[in-house]
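The values are calculated or read from the model by the stated rules, or taken from the named source; none is laboratory data. Keep in mind the model is a prediction, meaning the values are calculated, not measured. Every residue, glycine among them, receives a Cβ derived from its backbone with ideal geometry; neighbour counts consider all protein chains shown.
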Amino acid sequence: MKSSHRNLLRLLCALLLCAQTIAASAQADGSRATLPSLDRVTVMATPKLIAEFELSDHNGKARKLSSFRGAPTLVFFGFTHCPDVCPAALTKLKLLHESNNGRLKPARMVLISVDGERDSPVVMKKYVASISPAFIGLTGDSRTVANIAARFSAVAFKEQPNPQGQYGYFHSSQIFLLDKDGQLRASFFDATVENMATVTQVVLDEK
């Protein structure tokens, strides 16, 4: 075989390998569905991987974020003494979990307490059990949780106590949706259960 032919063959092989690589990359990207644009739903233009963290769950055991991988996870930052925003959001999550004829049951529902001072694992266990036995409560040092919330672009800070020493927390009211790989895909700001279920179902159906 002439040298020019050998060089041409090498070039063709290199081009074929390049084409296969591009095709494989496109296939991998294609496995991530385009999420629908719905009212009060913010879709991430580029999925954001949330850095690993570890907190105590409602059973008092260490629980890492990565332990939820394999299925979509809906995360809400709140606290057990919250008078209105948290109960409303968690009720929506319960309805979401039970919607679509039970097809969303594999999704994880996670409440992360921003009030670690009062929300011990024992308190969290009683609280989440009153909502649904499928819910998972996480708690830890408030400063640590505030740093975790920032990774979601959420905020949480303690309000000034009243003369009786009672206090609340100002915190984001969004519900955050992570996919099976732990990437932030969307957030819901007072969205309807139907809209949240639609988006969650799309993420759940991804291969």
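Residues that are hydroxyl-bearing (S, T, Y) and not in a helix (DSSP H, G or I) within the range 56-75 comprise S56, T73, listed in sequence order.
Taking the criterion of being assigned to a strand (DSSP E or B) and at pLDDT 95 or above, the residues of the range 22-45 that qualify are V41, T42, V43, M44. The condition (being over 20 Å from E98 (Cα atoms), surrounded by fewer than 22 Cβ atoms within 10 Å (Cβ to Cβ) and in the same structural domain as T80 (by TED's automatic domain parsing)) is satisfied by just one residue among L138, L184: L184. For the range 111-135, the tally of residues that are farther than 13 Å from F79 by Cα and aliphatic (A, V, I, L, M) stands at 4.
Among the conditions (1) in contact with a Phe, Trp or Tyr (Cβ under 6 Å, 6 or more places away or on another chain); (2) at pLDDT 95 or above; (3) hydroxyl-bearing (S, T, Y), T192 misses just one, which is (1). I112 - would you say it is under 15 Å from the mean Cα position of the chain (by Cα) and surrounded by 23 or more Cβ atoms within 10 Å (Cβ to Cβ)? When the stated conditions are applied, I112 passes them. Being hydroxyl-bearing (S, T, Y) and within 17 Å of V202 (Cβ to Cβ) is the filter here; which residues of the range 82-107 pass it? Listed by number, the list holds a single entry, S99. In the range 189-202, the residues that are under 13 Å from L74 (Cβ atoms) form Cβ pairs under 6 Å with partners that are buried (at least 16 other Cβ atoms within 10 Å of the Cβ) and among the charged types (D, E, K, R), at six or more places apart or across chains, as follows: V193/K92.
Inspection of the range 143-151 identifies no residue that is basic (K, R), more than 16 Å from H58 (Cβ to Cβ) and in contact with a helix residue (DSSP H, G or I) (Cβ under 8 Å, 6 or more places away or on another chain). Contact map, the range 88-105: first residue assigned by TED's automatic domain parsing to the domain that holds A71 and surrounded by fewer than 15 Cβ atoms within 10 Å (Cβ to Cβ), second residue polar (S, T, N, Q) and part of a helix (DSSP H, G or I), Cβ cut-off under 8 Å, separation 6 or more or different chains; pairs are R103/Q201. Against the condition surrounded by 14 or more Cβ atoms within 10 Å (Cβ to Cβ) and among the basic types (K, R), how does K61 come out, does it pass? No: the conditions fail for K61.
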